[in-house]
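Let me begin by presenting the structure, written as structure tokens, before commenting on it.
The values are calculated or read from the model by the stated rules, or taken from the named source; none is laboratory data. Treat the numbers as computed from the prediction; the structure is a model and nothing was measured. Don't worry about glycine lacking a Cβ; one is built from the backbone with ideal geometry, like all the others, and counts go over all protein chains shown. Surface areas here come from the heavy atoms of the whole protein model, side chains and all, with no ligands, DNA or RNA. Shrake-Rupley method; radii C 1.70, N 1.55, O 1.52, S 1.80 Å.
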Amino acid sequence: MSGRTAAIANVLLVSTLVVPALAALVLPLCRLVVARVVALLACLWTLAASGALLVGHHPARSAVDPWHEVDWAWVAALRLRFHIGVDGISWPLVLLTSLLVACCVFYLIFGVSGDQAEAESQRRIPLLLSLVFALQTAMLGVFMSLDVVLFFVFFELTLAPMYAVIAGWGGPHRRPAAMKFLLYTGLGSLLLAIGVLLLVSAAGTADLTQLSAPGGAGLSHYTQLAVFVLLLLAFAIKAPLWPLHTWLPDAHTQAPTVGSVLLAGVLLKLGSYGLIRLTLPVLPEAARSAAWLLGAAAVAAIVIGALVCLAQTELKRMIAYSSVGHMGFVLLGVASAAAGSEIGLQAALLGNLAHGVITSLLFFLVGSVKDRWGSTELTACVGLAARLPLLAALLCFGAVASFGLPSLAGFWGEAFSMLAAWQQVDVWWRLYATIAAVAAAIVVAYFLRALYYLSKASDHPTDVFPENVPQAPSSTTFSLKTPGGRLAEPLTAGELLAVVPLVLVTLVLGVWPGGILSLSAGAVAAIISGAS
Amino acid sequence: MWSSLSLSASDQVSSQAIDHAALMPLYVLAGAAIAVLLADLFVTRGRVWLLLGLSAAGSTGAAVTALLITGTGSRSSFCAAAARLRSGVDVSAACSYVTNYATTAVTVVLCVVVVVVLALSVPLLSKESAPAGEYCFLLLCSLLGAVALLGARDLLTLIVATEGLTLPVYVLVALGQARRGIASATTFFTVSVVSTAISLVGASLLYAVLGVVHFEQISQVLTARPASAEMGVLYAAMTLVLAGFLFKLATVPFHSWAPGSYDAAPLPVAAYLTTVSKVGGLFAVLLVVVGAMGDRLAQLGPVLAVLAVASMTLGNLAALRQHRVSRLLGWSSIAQLGYVLVPIGVLGVSGRGEVSQLLASSMSYLGFYLVITLVVFGALVLSRAPRDDGGALVDLAGIAVRSPWTCAALLFGLAGLAGLPPVFAGTFAKLIVLRSLIDAGAIWLAVAVVLNAVVGLAVYGRVALACFASSVAETASLPPCSSQRRRAPYVLAAAAVLAVSVTTAVLGLVPEPLFDICHRVASSLATLLM
């Protein structure tokens, strides 16, 4: 690649962080009309720049072999350098983040037409957009960091905007949910701080390319274990891994639609990405010796997530809990990878992407249901398919993709993580795979149950609307003036713009997972060979 | 100054040379204070503005003279000659008042902080809610004490300077809400006088045992006589001296005066208490701990570490339960001081080479804390009517709608106190302390800091939420603010808040200069050990 092209690529790389950050700063000052234009330009630019980073990709020769990188001094006293780059492992997630943020922006700026939202919530949209862009900066920063201290700084940067999104725009119980999110994940990221500083102090460098050289950072066994425990706790809270998941259902349920989407679609990935990027290559010994534990926790998460979902009567909460199970599959893949399975790592990477796309799709759709019907109680959703066939069909598609129908995105990650576990000849790993397979069946069951309610025709059509629909506690989303007026309202342009790209990506990932796998193959091989 | 005491030990009396250049900032401040007092008596028209201008000019002048005349080189005054003590130990020459890079840098910082505090006081003074003349005079006197404290190199000068710093503040606290102010000021006064008495007892015991009061000489005597029969008395004396200064710093278990005083004091005075007063207290502790007792750090360190952890824990937990803003910030300052002291607690257990790094991280934290806490107090000043104190948490309700800019500044400051990015200043402050602890191998202290930081998230998150509460008072109690805030007094305060916020933001993006300065200050302090 010529010097000129490289320079352009580096400008694009930096712009994926700078443009959203600037947008986040400028947006609160804008009127709604200007804010829409600014937000649209910023998210499209970032999406295009993220996509363009693919140009010049090359097979990785080591665990961290970035296609493009920028390395600037920042704070020498903390050994913190502004060192960012993308490679086959981070690029898909970078693109996913930019795509989801773009979908959220579409949803926010095209989704609300004049009479739907009150003046008050309209007025606050620029602020919400600003927080979304702040989140985007933080999340892209985490994925692109090649310096572990910088990784921590961006990891921590996700807290404040997400807290504000939940606390400012959430459902009726948003405050406790937001506080729980802040404290729980705040603890996680501060534990990460200790882990990272310990690592840097022991290894003498914060550069991820050096730290993840073959054989790890060359730490003593006990230092490795200490750092590993701290990092594992931090990432397990974020991912979230059972039994550290209890912040998730409340946060997801109370968050506004865009909050849930970014939370499930990207923020959870920070945990699994951290495990893949930091713990596996940097602390291979510790990871190997703790693989069985990680696997057990992952299987527990899968089973418990599935069982809890089966007991849910509310759609949004069910999808929130389903994340626990799905991330369980991703972590099962990571656990197998820690034990030396290349397939496991690839399954984890694919599962990450698939869950990000599919769960975001589901949250958008459930948000649409909630906007129209005021409630997402399963019993209240009876008859949805009759009234809103398109929405119901999309929900059906999302559910089917989520439980892992072959040829859709969800299938590969889950199937291959089970395969990877099975291939560890150890009897325990085979038990994990078996239990996970059984739990996968339960996942099918609870999604089908939800679909059953949605598509069920009401016995007494007149009963269904609007008296039977429970009023939303705060009538902000349910217009009282025209009772039932919104029930059958078709999807708005914003909702369609947000949803359609996700449907397409689900299909593409489902039929052509090789495209993504080939990008990360080199790095995956290097991580696994370095680990074993 | 008082070194004749130590000289008497060697039966030598000579007149001491006075380096007036070293004392120049003190002269400027004293002159400004007297000018303020006179102006208050004789000027009637535009008095408040003249007084404020004089005070600001005085502290700016002190900063400038410190930079230009005193300079960054080392100067010393009131020196005692080398001598042989009755105990047979030879001590080198030592001076009571020294200026060097550390004193100059911190003097400049303190003077700038006082200018900011003056700007924040404009609404209070211009409404004649507090007597402007006395207010400015006392503020300058207290600053004078703080600057003198930085250069003090013997126990007695240090104690007198510390008194100079705190005495005017009792009255400043009482200038607030009439009754509560006086009650709190009385508590503050009583506790403070007792703590000074304790320090003095400790100092006299030390003098009785060692025969010297200069830090340098104390350190030499301690090194020369590693073990002796008087060790018990010596430790008792050190503990007493230190306890006295920890009172001023308001660390656990000597903290009880702080929350009440913060709550009762006018907001700018509370801001002064959290900034200048804390810097003074920290310097006093550092001078005693590092300067005089350097060789006994191994015994003192763990005690300080435990106190620091207790401070942050108790401060944060108590702050969680507060319903009044200033009181909450008072508890929070106790907690924050814990983070500042933690690295000093590690001093004893780590090697000499790391001393300056640990000191530097402690000072960096304090430096970041200074600007951030000024943002918070500044935003509070803007959000309240001139006569008001910090008010209750529920009074913050609706501020987001009423005055979004003030609210943004407040949230910015709170995020900084919590250590959350995007206020990187707060994040780096936490990181530098954690780094120094981990490099020194004190993982358990790092874990304690982290757990406390999580509680801190809840403390400041709660205040942030209060800003967005939609209370019934939102429309009913549009206090006089809305009409008064636009007026001139608030313009200066708002400019000050803006300046401090921008400083915080810039320090977050470019923290290197602060780290460098703190490192140099720490190294020049650490030379006391050599």
May I ask you to give the solvent-accessible area per residue for the stretch B:56-121, in square angstrom, as obtained with a 1.4 angstrom probe? 35 Å²
Which peptide among B:36-49, A:303-316, A:359-372 comes first, and what is the full order, when sorted by highest mean count of other Cβ atoms within 10 Å? A:359-372, A:303-316, B:36-49
Output the Kirkwood hydrodynamic radius of the stretch A:3-531, Cα pairs only, in Å rounded to one decimal. 23.0 Å
Accessible area that becomes buried as A packs against B, both chains, 1.4 Å probe, Å², nearest 100: 2800 Å²
Less than 12 Å Cβ to Cβ from A:PHE235, Lys/Arg counted +1 and Asp/Glu -1: what total charge do the surrounding residues give? +3
So what's the net charge close to A:GLN424: Lys and Arg +1, Asp and Glu -1, counting the other residues with Cβ under 15 Å from its Cβ? 0
Compute the long axis of helix A:284-311 from its Cα atoms, compare it with the longest principal axis of the Cα atoms of chain A, and write down the angle in degrees, 0 to 90, nearest 10. 10 degrees
Heavy-atom accessible area of B:ARG520, protein chains in place, probe 1.4 angstrom, given in Å² to nearest 10, is 140 Å²
For the protein assembly as shown, the percent of all C-alpha pairs falling in each 10 Å bin, from 0 up to the bin holding the max distance, is 2, 11, 19, 21, 18, 14, 9, 5, 2, 0, 0, 0
Picking from A:CYS381, A:TRP422, A:TYR222, whose Cα lies most toward the positive end of the charge dipole for the stretch A:3-531 (charges on Cβ: Lys, Arg +1; Asp, Glu -1)? A:CYS381
Volume per residue that the Cα convex hull of the stretch A:10-74 spans, once the total is divided by residue count, Å³: 97 Å³
Whole-Hz ³J(HN,Hα) from phi, Karplus 6.51 cos²θ - 1.76 cosθ + 1.60, for the stretch B:150-165, glycine and proline x: 4, x, 5, 10, 9, 4, 6, 4, 4, 5, 5, 5, 4, 4, x, 6
Against the longest principal axis of chain B, how steep is helix B:512-526, in degrees 0 to 90 to the nearest 10, with axes from Cα atoms? 30 degrees
Hey, what do the phi angles of the stretch A:144-155 turn into as Karplus ³J(HN,Hα) couplings, whole Hz, using 6.51/-1.76/1.60 and θ = phi - 60°, x for Gly and Pro? 9, 4, 10, 10, 5, 5, 4, 3, 4, 4, 5, 4
Taking a probe of 1.4 angstrom, what is the accessible area of B:CYS407 in Å², to the nearest 10? 10 Å²
Looking at the stretch B:440-468, residues buried by 30 Å² or more relative to their chain on its own, accessible surface at probe 1.4 Å, turn out to be B:ILE443, B:VAL450, B:VAL454, B:LEU457, B:ALA458, B:LEU465
Computed Rg/Rh for the stretch A:160-255 (Cα atoms; Rh = Kirkwood radius) stands at 1.12
Which shape class applies to the stretch A:82-215: rounded if a/c is under 1.5, otherwise prolate when a/b exceeds b/c and oblate if not, where a ≥ b ≥ c are the square roots of the Cα gyration tensor eigenvalues? oblate
Compute accessible area for the stretch B:376-425 by itself and then with all protein chains, 1.4 Å probe, and report residues whose area falls by 20 Å² or more. B:TRP405, B:LEU420, B:PRO421, B:PRO422, B:PHE424
Whole-percent carbon and sulfur share, accessible surface of the protein assembly as shown, 1.4 Å: 69 percent
Once phi is turned into ³J(HN,Hα) by the Karplus curve 6.51 cos²θ - 1.76 cosθ + 1.60 with θ = phi - 60°, what whole-Hz value does each residue of the stretch A:86-97 show in order, with x for glycine and proline? 10, 9, x, 7, 8, 4, x, 6, 4, 5, 4, 4
Over chain B, one equal point on each Cα, no solvent: what is log10 I(q)/I(0) by the Debye formula at q = 0.10 Å⁻¹? -0.75
Return the whole-Å distance between the Cα centroid of the stretch B:204-244 and the Cα centroid of the stretch A:60-95. 54 Å
Computed over the stretch A:291-375, protein heavy atoms only, probe 1.4 angstrom, the accessible area per residue in square angstrom equals 18 Å²
With +1 assigned to the C-beta of every Lys and Arg and -1 to the C-beta of every Asp and Glu, and no other charges, what is the dipole magnitude of the protein assembly as shown about the Cα centre in debye, to the nearest 20? 1240 debye
Expected output for the stretch A:62-93, residues with a loss of 50 Å² or more in accessible area relative to the chain alone at probe 1.4 Å, reads A:TRP74, A:ALA77, A:LEU78
Across the residues of A:186-195, average count of Cβ atoms on other protein chains within 10 Å? 6
For A:ALA255, list long-range residues whose amide hydrogen, built 1.01 Å from N in the peptide plane, is under 5 Å from its own amide hydrogen. A:GLY171
Put +1 on the Cβ of every Lys and Arg and -1 on every Asp and Glu Cβ in the stretch A:3-531; which of A:LEU451, A:ALA440, A:ALA348 then has its Cα farthest towards the positive end of the dipole? A:LEU451
Sorted by chain and then number, the residues having a modelled amide H within less than 5 Å of the amide H of A:VAL86, at least 5 places away or on another chain, are A:TRP67, A:HIS68
Cross-link pairs A:LYS370/A:LYS456; A:LYS316/A:LYS456; A:LYS238/A:LYS370; B:LYS127/B:LYS278; A:LYS180/A:LYS269; A:LYS269/A:LYS370 - those with Cα-Cα distance over 22 Å: A:LYS238/A:LYS370; B:LYS127/B:LYS278; A:LYS269/A:LYS370
Sequence-distant or interchain residues sharing an amide H contact under 5 Å with B:ARG324, placed H: which? B:LEU393
